Amino acid sequence: MATETMQASRTAYGHRDIEPKWGERWERDGVYTVSDDDPRPKWYELHMYPYPSGDLHIGHWFAMSGADAHARFMRMKGFNVLHPMGFDAFGLNAENAAIKSGVHPYRWTMSNIENMRRQLRSMGAMYDWDREVVTCTPDYYRWNQWLFLQLYNNGLAYRDGAPVNWCPSCQTVLANEQVINGQCERCDSPVIQREMEQWFFSITKYADELLDHSKIDWPERINLMQTNWIGRSEGVEVGFDISEYGLDQDSIDTFTTRIDTVFGVTFIVLAPEHPLVAKLTTDEQREAVEEYVEQARRQTEIERLSTEKEKTGVFTGAYAVNSLNGERVPILVADYVLLSYGTGMVMGVPAHDQRDFEFAKKYDLPIRVVIAPPDWDGSELEEAFIGEGTQVNSGEFDGLPSSEGMERIADHVEERGLGGRAVNYKMRDWLISRQRYWGTPIPIVFCDDCGEVAVPESYLPVLLPDDAEFLPTGDSPLALHQEFVNTTCPDCGGPAKRETDTMDTFVDSSWYFLRYASPTYHDGPFDPVAAMEWNPVDQYTGGVEHAVMHLLYARFFVKAMRDLGLLDFDEPFVRLVNQGTIVFNSQKMSKSRGNVIAPDDYVEDVGADVVRTYLMFMGPWEQGGDWNDNGINGMARWTNRVWELCQRDADELGESSDEAAVGNLRRALHKTIRKVSEDMERFKFNTGIAAMMEFSNTLNQAWQAGNVDAKVWRESMRGLVLMMSPITPFLAEELWGQVGGEYSVHQQPWPEWDEDLAADEMITLVVQVNGKLRDRIEVPADVSEEDARAVALASDRVKQHTEGKAVRRVIYVPGRLVNVVAG
RNA sequence: GCCGAAGUGGCGAAAUGGUAGACGCGCCGGUCUCAAAAACCGGUGGGAGUUAAUCCCGUGUCGGUUCGACUCCGACCUUCGGCACCA
């Protein structure tokens with residue numbers, strides 16, 4: 001029993017019998033089997049596949065039953081709908097479970113999947129299980145490896161150094177999730193950033209194309225988040241001279257979007273991780289710099305970039321010369337500069353950048369105004385001036401408007417060979433390496449003679465050994481597995497060692513939607529014909545939490561595969577809708593937080609149809625909300641009432657001579673079909689269900705009034721059952737038989753509405769005086785503007801409220817209202 | 001901190017420039033019952049008013065645009081999602 005508030009636990013129609021009955025029948029009859037050869041137009045409706053954490057929680061049901069209802073609706077609208085399901089089966093949790101409880105990740109994952117399949121079946125979704133995709137099987141992940149090789153052979157995968165979270169005590173790499181307040185979750189030791197060689201995909205090569213959302217119909221907020229994430233900025237790279245130090249480079253490059261302020265540079269700041277830091281630091285400053293770099297390694301990026309945090313830094317003892325004015329400025333190290341953005345160093349212009357300003361104030365560095373604010377009197381600035389103004393203290397550029405100075409100085413920099421215009425992106429290349437076992441092995445070997453060698457395609461898959469040991473030693477189980485690590489070089493046959501990093505699970509989810517079209521295909525990641533017939537996905541649904549990473553990675557993959565000649569389209573997901581998050585006690589549900597609400601007890605109690613209806617009714621699908629079951633009884637009452645309406649014998653109504661009553665019921669039916677059709681199309685399930693509830697109330701009232709005939713009653717009942725079928729698939733199937741429909745309700749066309757039959761004869765004209773409601777007048781729907789104005793001005797209420805005032809204007813909104821402006 | 005959203009009755013919500021609170025929950029009253037539950041019928045934003053007519057107030061806060069603002073604009077407050085190794 002889920003809670004004590006659930007009293008209507010016996011559905012009138014016996015959900016415990018009918019739900020399994022129809023579930024088995026559908027499966028036996030292949031009602032949801034999807035054929036590639038179906039003559040109807042295709043519709044690929046995909047919901048983001050779940051991570052098999054063990055149980056589907058009520059949030060999964062909320063997301064998946066909405067997606068299923070929409071897919072069912074599209075099928076009834078005449079499409080051949082592919083609505084598949086699978087499991088995102090690699091990842092950290094399985095490995096953690098293995099370390100904790102000794103269960104192998106494969107067994108843990110597969111038993112979770114089995115349970116979740118059972119739950120999904122109980123939900124009554126229209127998945128074609130023959131197309132299921134499970135990413136941790138060699139049949140799937142060999143194609144991750146194959147795709148990696150295609151990217152690698154085309155210069156889109158490379159190895160480079162990058163920092164990882166490192167626990168010095170456990171001697172292990174930690175996920176961000178495993179770092180709690182800068183400490184290791186297992187042993188509480190302070191976590192540091194450590195540089196390691198890792199694999200990257202070159203997503204930044206596609207940055208400009210990824211900024212283009214014109215070919216997809218996505219929520220504007222998602223496009224905006226992606227645009228901000230990619231963070232394109234145009235600027236200038238300009239070199240500062242360090243030839244006095246006799247290093248192997250004579251200058252250091254900084255990237256700036258404000259080259260107009262370059263004469264105001266009073267210092268240079270390097271990121272603490274920058275390789276030049278050690279080379280430039282003088283002996284006197286070495287101890288202070290090393291200490292500072294050490295503390296920077298203990299901070300997260302979010303901490304470092306906080307604009308609230310007091311800026312800190314340290315002098316290296318070295319100087320660089322600003323080639324534009326010959327000025328020698330100090331080089332400092334500060335943690336607000338990131339190695340990963342731009343060139344990993346910035347020019348400090350305190351007068352015109354707020355972070356630099358605060359930094360300069362703190363360390364007593366000069367602040368020189370080079371862009372005069374419009375009404376500037378020459379006094380000291382209280383804060384950085386970041387607007388446009390006039391160039392001052394800028395040599396030959398003095399007097400120019402700063403917008404022009406920007407262009408002229410950039411030209412000057414280019415002409416003198418000091419640098420040039422450049423574009424930078426906040427987005428970084430995609431780091432796919434994970435120092436873990438439960439993922440796809442990266443198909444590379446390292447040979448003493450040949451170096452880095454790609455595993456030939458014919459050798460794939462590089463199998464994940466199933467006898468790895470899960471010891472809390474810190475080393476990846478793969479690195480400890482001698483038989484896996486030691487291999488022979490595919491080129492020279494000599495001894496070689498395998499790469500032991502595995503791939504980020506986002507690699508799996510970047511192309512899984514292509515696999516559903518041909519899930520058992522053996523000659524490639526997908527059958528090109530089937531994949532291109534079904535793809536791109538027409539409607540993608542999933543959580544807004546995937547706004548940037550997953551959705552950008554998948555877009556990148558499709559574009560890269562297109563350029564490799566594997567696909568002929570540009571975008572993976574044509575239309576995107578994000579359902580909201582179901583939280584519990586204001587927190588996102590997750591197994592690790594222990595606040596998971598399982599649907600199973602509710603399903604047992606009131607049935608899947610009622611749970612689906614409640615989830616779809618509780619609010620807008622795109623909004624989500626805090627879970628409580630306060631209203632679930634109301635849904636059981638409604639489904640019971642509909643069942644009871646269906647039990648009535650329409651013959652009792654006979655024929656009716658009350659044409660108005662019959663017309664009213666028929667009008668209600670057609671209005672409801674129109675409303676529900678529009679709402680289902682746009683995922684507005686809550687208002688669609690409300691319209692169906694209103695209609696079932698109308699039906700009951702009509703029955704009690706006894707003034708409608710059997711014909712319109714039967715039409716109405718059939719329409720209602722069809723409209724309910726995407727939301728309550730089991731009950732609708734049961735009722736469809738009772739109202740004389742032919743099995744299966746899920747293979748019927750969606751009901752059509754007739755605008756003429758839905759049209760109102762009379763409407764309520766709202767009459768306002770100065771915008772305040774003063775009267776309501778029933779008028780014919782086709783009332784003329786003249787008549788509407790006349791009838792409004794004739795109203796006693798209007799006369800009362802305009803007494804002693806002059807009527808200045810009368811505003812008429814056709815079919816809605818008249819507003820009398822008086823005063 | 002940065003980026004993106006959301007704030008409406010006792011509760012979930014509806015209305016995206018035109019009747020604020022549809023639909024449902026809860027609650028109150030009634031029918032049925034020996035009684036209760038279930039079910040069914042009616043009422044239900046707050047205040048004033050003769051149980052009336054009617055009037056006033058009311059959509060996070062403050063200000064603006066408009067004949068008219070929950071809806072558009074500006075500032076602020078609170079809550080939620082993401083921030084690159086949770087997926």
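Could you name every one of the helices (runs of 4 or more DSSP H) located completely within the stretch A:423-535 that has at least 2 residues being over 29 Å from A:PRO50 (Cβ atoms) and touching a helix residue (DSSP H, G or I) at 6+ places or on another chain (Cβ under 8 Å)?
Counting at least 2 such residues, we get A:482-485.
Considering only residues of the stretch A:667-688 that are charged (D, E, K, R) and open to solvent by 20 Å² or more (accessible area, probe 1.4 Å), which is nearest to RNA strand B (Cβ to nearest atom)?
The qualifying residue nearest to RNA strand B (Cβ to nearest atom) is A:LYS684.
Assigned to a helix (DSSP H, G or I) and within 14 Å of RNA strand B (Cβ to nearest atom): does that describe A:TYR614?
The answer is yes for A:TYR614.
When you look at A:ASP55, is it modelled with pLDDT under 95, away from RNA strand B (no atom under 11 Å from the Cβ), in a helix (DSSP H, G or I) and open to solvent by 10 Å² or more (accessible area, probe 1.4 Å), yes or no?
Taking the combined requirement at face value, the residue does not satisfy it.
Can you find, within the stretch A:534-551, the residue that is nearest to A:ASP68 (Cα to Cα) among those that are of a type outside the set (S, T, N, Q) and more than 10 Å from RNA strand B (Cβ to nearest atom)?
A:TYR540
For every residue, the table says whether it meets (1) at pLDDT 95 or above; (2) open to solvent by less than 20 Å² (accessible area, probe 1.4 Å); (3) within 21 Å of A:GLU95 (Cβ to Cβ); (4) more than 13 Å from RNA strand B (Cβ to nearest atom).
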position: A:TRP143; (1), (2), (3), (4): yes, yes, no, yes
position: A:ASN153; (1), (2), (3), (4): yes, no, no, yes
position: A:LEU156; (1), (2), (3), (4): yes, yes, no, yes
position: A:TRP166; (1), (2), (3), (4): no, no, yes, no
position: A:THR172; (1), (2), (3), (4): no, yes, yes, no
position: A:CYS184; (1), (2), (3), (4): no, yes, yes, no
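Within the group A:TYR32, A:TYR44, A:TYR106, which residue is among the aromatic types (Phe, Trp, Tyr) and either over 28 Å from A:ASP139 (Cβ atoms) or part of a loop (DSSP other than H, G, I, E, B) (or both)?
Only one candidate qualifies: A:TYR32.
Does at least one position in the stretch A:587-600 carry a residue that is open to solvent by less than 10 Å² (accessible area, probe 1.4 Å), of a type outside the set (Ser, Thr, Tyr), away from RNA strand B (no atom under 15 Å from the Cβ) and over 15 Å from the mean Cα position of the chain (by Cα)?
Checking the stretch A:587-600: at least one residue is open to solvent by less than 10 Å² (accessible area, probe 1.4 Å), of a type outside the set (Ser, Thr, Tyr), away from RNA strand B (no atom under 15 Å from the Cβ) and over 15 Å from the mean Cα position of the chain (by Cα).
Residues of the stretch A:575-631 being more than 23 Å from A:ARG117 (Cβ to Cβ), among the small types (Gly, Ala, Ser) and at pLDDT below 85, which ones?
Residues satisfying the conditions are A:SER586, A:GLY594.
In the stretch A:502-533, how many are within 16 Å of RNA strand B (Cβ to nearest atom) and under 16 Å from A:TYR127 (Cα atoms)?
Residues in the stretch A:502-533 being within 16 Å of RNA strand B (Cβ to nearest atom) and under 16 Å from A:TYR127 (Cα atoms): 3 in total.
Select from the stretch A:323-344 the residues that are more than 21 Å from A:GLU303 (Cα to Cα) and open to solvent by less than 10 Å² (accessible area, probe 1.4 Å) and write down the one among them that is farthest from the chain's Cα centre (by Cα).
A:VAL329
Does the stretch A:742-768 hold any residues that are assigned to a loop (DSSP other than H, G, I, E, B) and either among the aliphatic types (A, V, I, L, M) or away from RNA strand B (no atom under 12 Å from the Cβ) (or both), and which are they?
Those that are assigned to a loop (DSSP other than H, G, I, E, B) and either among the aliphatic types (A, V, I, L, M) or away from RNA strand B (no atom under 12 Å from the Cβ) (or both): A:GLU742, A:TYR743, A:SER744, A:GLN748, A:PRO749, A:TRP750, A:PRO751, A:GLU752, A:TRP753, A:ASP754, A:ALA759, A:GLU761.
Say we look at the stretch A:186-203 and pick out the residues that are in contact with a Leu (Cβ under 7 Å, 6 or more places away or on another chain) and in a loop (DSSP other than H, G, I, E, B); which of these is surrounded by the fewest Cβ atoms within 10 Å (Cβ to Cβ)?
A:SER202
Scanning for something more than 16 Å from RNA strand B (Cβ to nearest atom), outside any helix (DSSP H, G or I), in contact (Cβ under 8 Å) with a residue 24 or more places away in the chain and closer than 28 Å to A:ILE386 by Cβ, does the stretch A:279-300 turn up at least one residue?
Looking for residues that are more than 16 Å from RNA strand B (Cβ to nearest atom), outside any helix (DSSP H, G or I), in contact (Cβ under 8 Å) with a residue 24 or more places away in the chain and closer than 28 Å to A:ILE386 by Cβ, one finds none in the stretch A:279-300, hence no.
Take the stretch A:250-278 and flag every residue that is open to solvent by less than 10 Å² (accessible area, probe 1.4 Å), touching a Leu at 6+ places or on another chain (Cβ under 9 Å) and assigned to a strand (DSSP E or B).
Result: A:ILE252, A:PHE267, A:ILE268, A:VAL269, A:LEU270.
At least 2 residues that are more than 9 Å from RNA strand B (Cβ to nearest atom), at pLDDT 90 or above and of a type in the set (D, E, K, R) in each: list the strands (runs of 3 or more DSSP E) lying fully within the stretch A:769-823 that qualify.
Correct list: empty, since no element meets the threshold.
Name, by its number, the condition in (1) open to solvent by less than 30 Å² (accessible area, probe 1.4 Å); (2) without any contact (Cβ under 8 Å) to a residue 24 or more places away in the chain that does not hold for A:GLU396.
In the conditions (1) open to solvent by less than 30 Å² (accessible area, probe 1.4 Å); (2) without any contact (Cβ under 8 Å) to a residue 24 or more places away in the chain, A:GLU396 misses (1) alone.
The values are calculated or read from the model by the stated rules, or taken from the named source; none is laboratory data. Only a predicted model underlies this, so the values are computations on that prediction, with no experimental measurement involved. Glycine gets a Cβ as well: all are built from the backbone with ideal geometry, and neighbour counts include every protein chain shown. Each accessible area value is taken on the protein alone, full model and side chains, heavy atoms only, with ligands, DNA and RNA left out. Shrake-Rupley method; radii C 1.70, N 1.55, O 1.52, S 1.80 Å.
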